[in-house]
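J.: Below you will find the structure I want to go over with you.
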Amino acid sequence: MPGANDGIISTASLIVGAAAAAAKQNDVLIAGVEEERGPNMKLTLPASATALVPASVLLQRLHDEAPTDHFSLGWLMSRMNKRSFGLIMLLLAVVAIAPGVSIVAGLLLMIPAFQMVAGKNLPVFPRRVAVRPMPTRHLAALVQRAVPVLRYLEKLIHPRWPTPPDATKRVVGAVVVLLNVTLLFTPIPLSNVVPALVIALISLAYLEEDGLLLSIALLTSIIVLAVELVAIWETVLGAKWIIFGLW
């Protein structure tokens, strides 16, 4: 039957084309069309084809494929595709742990966090920020330190406890915004470290689609926010007491 054969051939061509395009984006995407499929014909895919690529593998690919001299946030986002929110936040959170650059990293974190709350599919940075060249050696140093740690953590972290994608994205974005506020505005030395670590934990759980770890990380964030608020309140009261004491 020429018509049926043509339909099967076109369907197979579509599947192969979609898989080839996805491979270029370093993500595993499954495309299938069920039209013109006979009642006894089934499309079976190997289990490995649907496996989530670990964050350590994604970072190692970034390291291996990075331009020789300089890279940009725009280049990073083009390489990460649909998982760019989690990976961008993870990288920025690790950078925000360092006191000297925590403010810059925290401000940059606000951009994807607000976009997650708004339900955007991919993070979008202002053009001047997205195309700004940065030394590749800084990315290489960051990845070389992060990958061994991630490989160790990934022995325990894996996809489980599925959560609604859209709702999860918005909740994660909102919590990251609140943690960023404490990271940027808490007037206590080294107060950036704990919020940045929690943001990194949330980002890793979101990136690895680990619902159990994400639940633990969100609970931890509530505790951290409560402690930070108490610390800020005590600092304000102490400053008020000093000011009125001088008068």
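The numbers here are math on the coordinates, done by the rules we state, and not lab data. Note that the structure is a prediction, hence the values are computed from the model and not measured. Every residue, glycine among them, receives a Cβ derived from its backbone with ideal geometry; neighbour counts consider all protein chains shown.
J.: Are there trypsin sites (Lys or Arg not before Pro) in region 139-247 that DSSP puts in a loop and that have at most 11 other Cβ atoms within 10 Å, and which ones?
T.: In loop regions of region 139-247 (DSSP not H, G, I, E or B), the sparsely surrounded trypsin sites (Lys or Arg not before Pro) are LYS155.
J.: Separation between the ALA141 and LEU190 pseudo-spin-labels, each 7 Å from Cα along Cα→Cβ, expressed in nm?
T.: 2.1
J.: Plugging the Kirkwood radius over Cα pairs into Stokes-Einstein for region 55-238, at a temperature of 20 °C and a viscosity of 1.002 mPa s, what D comes out in µm²/s?
T.: It comes out at roughly 128 µm²/s.
J.: Return the loop-located chymotrypsin sites (Phe, Trp or Tyr not before Pro) in region 182-243 (DSSP other than H, G, I, E, B) with at most 14 other Cβ atoms within 10 Å of their own Cβ; answer none if there are none.
T.: none
J.: Which of the listed residues, MET134, TRP161, PHE185, is farthest toward the dipole's positive end in region 55-238, when Lys, Arg count +1 and Asp, Glu count -1 at the beta-carbon?
T.: The listed residue farthest towards the positive side: MET134.
J.: So which chymotrypsin sites (Phe, Trp or Tyr not before Pro) in region 49-99 pass both tests, a DSSP loop state and at most 10 other Cβ atoms within 10 Å of the Cβ?
T.: Filter output for region 49-99: empty list.
J.: Further, regarding this structure: For ASP210, what residues show an amide H to amide H distance below 5 Å, using hydrogens built from the backbone and excluding near sequence neighbours?
T.: Amide H neighbours of ASP210, under 5 Å, 5+ apart: ARG160.
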